[in-house]
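What follows is one structure encoded as structure tokens, with my remarks underneath.
Values in this text are rule-based calculations from the coordinates and carry no lab data. Since this is a predicted model, take the numbers as computed values, not measurements. Virtual Cβ from ideal backbone geometry, glycine too; neighbours counted across all protein chains shown.
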Amino acid sequence: MDADDVEAVFPELGSITDGTLREGVATAWTTACADAGIRTPEELRAVPWLPPVERALGIPEGAERLVPHVRDVTACAVGLAGALDERRDAGVDHDLLLAGALVHDVSKLAEFDGREATPVGDLLGHPYWGVHVVASAGLPAELAHVVLSHSHRTTVEPAFVEADLVRRADAAAASAIRAAYVEDLRDA
Ligand SMILES: [Fe+2]
């Protein structure tokens, strides 16, 4: 997997205008793929969304994948930012928003080996390992903050609007998956 492969899987990468940031996001994914033994875009596209939740909800194996979820989150975050910018000049940094959405779940690759949790997934959880992944890729602390604050599995609350939009977009995208398999989201 190289940067072109990452952009083939995540075409939104090309919308990041800052070259260094774009490169950093690509490096986070290429490194995470190499560490997980993922060699091709097809193998990356086959990574499941979240095996324990899929099992709990009776989601058929292979029905929900990580890549479309990350793209859902990115599209939702961009949509929210666009609506806010149009209505009140929210001053959203679109590069930061796109980069944050694209890397928010990068460490899921280290959390599962196939459908089984690894020690990283079992003992650390992805927001924490994600900080290591994005920092190792040379991405700035703002990106580590987006990763760390996007999940309620940490106590870190979003400090700026881009981090909050990614967190809400992730929750909305996950709800859309759960809603397809349960009658009432309170049961999911
Ligand atoms: Fe996510």
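At a glance:
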| read-out | value |
| --- | --- |
| The stretch 22-94: GluC sites (Glu not before Pro) in DSSP coil with no more than 12 other Cβ atoms inside 10 Å | E61 |
| For A90, residues with placed amide H under 5 Å, excluding near neighbours | D85 |
| The stretch 3-187: Cα Rg divided by the 2.2 N^0.38 Å rule of thumb | 0.98 |
| The chain - mean residue ellipticity at 222 nm from DSSP helices (-39,500 (n - 2.57) per run, n ≥ 4, rounded to 500) | -18500 deg cm²/dmol |
| Most mobile listed residue (A101, A75, A83) in the chain, GNM with C-alpha springs under 10 Å | A83 |
| Most mobile listed residue (H104, H150, H69) in the chain, GNM with C-alpha springs under 10 Å | H69 |
| Percent RCO, i.e. relative contact order, over the stretch 3-187, from Cα pairs under 8 Å lying at least 6 residues apart | 24 |
| Charge sum, other residues only, whose C-beta stays under 11 Å from P52's C-beta, Lys/Arg counted +1 and Asp/Glu -1 | -2 |
| Rounded FRET efficiency, nearest 0.05, which uses the C-beta distance separating D187 from A34 and R0 of 35 Å | 0.35 |
| Segment H94-R178, length gained on full extension (0.36 nm per residue, minus Cα span) | 27.4 nm |
